[in-house]
1. As an exercise: evaluate GLY21 against (1) on the phi > 0 side of the Ramachandran plot; (2) small (Gly, Ala, Ser); (3) without any contact (Cβ under 8 Å) to a residue 60 or more places away in the chain and give the number of the one condition it does not meet.
2. Which ones in the stretch 86-132 are out of contact with any strand residue (DSSP E or B) (no Cβ under 9 Å at 6 or more places or on another chain) and small (Gly, Ala, Ser)?
3. When you look at GLY103, is it away from the ligand (no atom under 16 Å from the Cβ) and modelled with pLDDT of 95 or more, yes or no?
4. Do we find that ALA340 is buried (at least 16 other Cβ atoms within 10 Å of the Cβ) and either modelled with pLDDT of 50 or more or more than 16 Å from the ligand (Cβ to nearest atom) (or both) in this structure?
5. Taking the condition of being out of contact with any strand residue (DSSP E or B) (no Cβ under 8 Å at 6 or more places or on another chain), at pLDDT 95 or above and not aliphatic (A, V, I, L, M), how many residues in the stretch 361-382 meet it?
6. Output the strands (runs of 3 or more DSSP E) that fall wholly within the stretch 38-99 and possess 1 or more residues being among the acidic types (Asp, Glu), or say none.
7. Anything in the stretch 280-305 that is assigned to a loop (DSSP other than H, G, I, E, B), among the hydrophobic types (A, V, I, L, M, F, W, C) and either at pLDDT 95 or above or surrounded by 23 or more Cβ atoms within 10 Å (Cβ to Cβ) (or both)? List them, or say none.
8. Residues of the stretch 477-508 being at pLDDT 90 or above and either assigned to a strand (DSSP E or B) or small (Gly, Ala, Ser) (or both), which ones?
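The values are calculated or read from the model by the stated rules, or taken from the named source; none is laboratory data. Nothing here was measured: the structure is a model prediction, and the numbers come from that model. No Cβ is skipped: glycine too gets one built from the backbone with ideal geometry, and neighbour counts run over all protein chains shown.
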Amino acid sequence: MPSDRSTIVRIDAAAACDGLGLSLAPASMLLRVRGKARYGAWSGLAGARLIALGTSTAIDRHPDARNAQRITRLDCVLLPGMVNAHTHLDLTHLGPRPFSPEGGFVAWADIIRAGRRTDEQGIKSSVRMGIERSLLAGVVAVADIAGGVGRRTSTWPLEAMAASPLVGVSYCEYFCIGAQSESQLADTLAAFARRLRQEGSTPPGASLMQWTGRRAVRVGLQPHAPYSVGPAGYAAAMGYARFAGVPVSTHLAESPEEARLLASADGPFRDLLAAVGVWDAKAQSEFGGERPIPRWIRMIGASAGERSGLVAADMRSAAFGGPRIAEIREADLFEEESAAIATESAQLSRLIVAHCNDVAPGEAHLLADVGATVAYCPRSSAYFGHERSFGAHPYRGLLAEGVEVAIGTDSVVNLPASGGKTGKSGPLLSVLDEIRFLHRRDAADPVALLHMATIAGARALGLPTEAFAFGQRLEGDMVVPRAGGESDASSAEVGEGLPIAGVVAVPMSAPTKDERSRTPLEVVLGGTAAAELLAVGTESGEDGRAWSADP
Ligand SMILES: [Zn+2]
């Protein structure tokens, strides 16, 4: 990166905290930035790299501080950019909707199906609105679920994301249950496969391995859920994961309706599948006597207790059985050499399982064994009343069993219509507000919450985790910069600054008397002020596509 186009910016703040436990108060930060950028109502610094973080006096002594432009946020705590591990940006146009417990999940799903847009412009404008509301909430990386159009996957949300400051994965969602859907699987995945071929000349994941501040959005797959996708549909996803390094996500163990269909092949979801015309003898034969998590484990081809995840198990037999295999081969990624690269890059991202409200004793280790990350959407679980069906969400038990847990917002539809700072005309997609909710409700540990909102999500998406933290320890009055780690951000580049995904400033309310003993992070989690995304690591594209999308 040529430094002649960059400038140095100094931010002075009340404190800086991250998900590794760093807490420095007061704090000053030096960034090298490439310029300013705008995306809808968001504007901030772009192409930011972290040069130094320390006390104000330590930064005063830094040679780069002399000509730095100053940003003063003395009432704010600085946090790393946050990660939304499960959302549906293409539903943003729907806005928040009430949930009716009488109608249950099926009536709710009807609202979504009726309200989904199906045209390119409509979908992209909804996604852009969601991107804007993410940036305005301090979110810089997203696991977005791109809804299908008709029965086919859609890459329109990916195109909108790739033209924005966000990084992450656009998971193309599909349904596949019953004989006819299975026979159409290759056709269903055609748009995804085309996109994968476009990415194909670069080894999968390479853009993220070499991530140094350019935008990076990958295409992934989202078989919808274990009640709407059968073994063939999951095998196809795992084939792509295993042999092409494609990130995979799914909904899992979300609702009582799901548990019922899997246990006894009946109930509201059976009626729903019948209503959309996919309930046939094959579907009927696939359900019964199973719980969601064990069924999913069986369908991805990993046996319990085997630490296989995406890479170790030989999924060839599971994945290579039908017409879809020809489609996978067309991606042309199965030469010996590229298979090795693919295997390596598959390790970059983890399987994401969204929700997991319904976890029976003994099932957490199944998730840990396959290295899955649970994307817990706290306000979504509360909105649907899942605690009434399953008891309190098991996220702390999952963490204790070695399962990584990240935070998602789910779609805007399940967010409160009021409360939280609004964007142009609706709630922000705020991961910070999700962990505030947990902090208030469960008195959960602040650092663990921030870890879930940053590093855990980044790891799940295959992003360099160091870019979502500031540093691990203090040496004197300076934070030791993170070097090496999981990405190849070489320490030789420290002078130019280390990649950083984003810098967020969150105003602290003046602590009341009994709050004086609280850490800056506790005060932020106890507050309600909106985050301000001061800087992102990405920069406007050198291909001329600036981020000036008007959502
Ligand atoms: Zn979802």
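1. (3)
2. Answer for the stretch 86-132, where residues must be out of contact with any strand residue (DSSP E or B) (no Cβ under 9 Å at 6 or more places or on another chain) and small (Gly, Ala, Ser): SER100, GLY103, GLY104, ALA107, ALA109, ALA114, GLY115, GLY122, SER125, SER126.
3. Details: away from the ligand (no atom under 16 Å from the Cβ): yes; modelled with pLDDT of 95 or more: no.
No: the conditions fail for GLY103.
4. Numbers: buried (at least 16 other Cβ atoms within 10 Å of the Cβ): no; either modelled with pLDDT of 50 or more or more than 16 Å from the ligand (Cβ to nearest atom) (or both): yes.
No.
5. 2
6. On the way: elements: 42-46, 49-54, 69-80, 82-87.
In the stretch 38-99, 69-80 are the strands (runs of 3 or more DSSP E) which contain 1 or more residues that are among the acidic types (Asp, Glu).
7. Our first condition is that a residue be assigned to a loop (DSSP other than H, G, I, E, B); within the stretch 280-305, this holds for 280, 287-291, 300-305.
Now drop any that are not among the hydrophobic types (A, V, I, L, M, F, W, C), which leaves 287, 300, 302, 304.
Passing the criteria: PHE287, ILE300, ALA302.
8. Scanning the stretch 477-508 gives ALA501, GLY502, VAL503, VAL504, ALA505, VAL506, PRO507.
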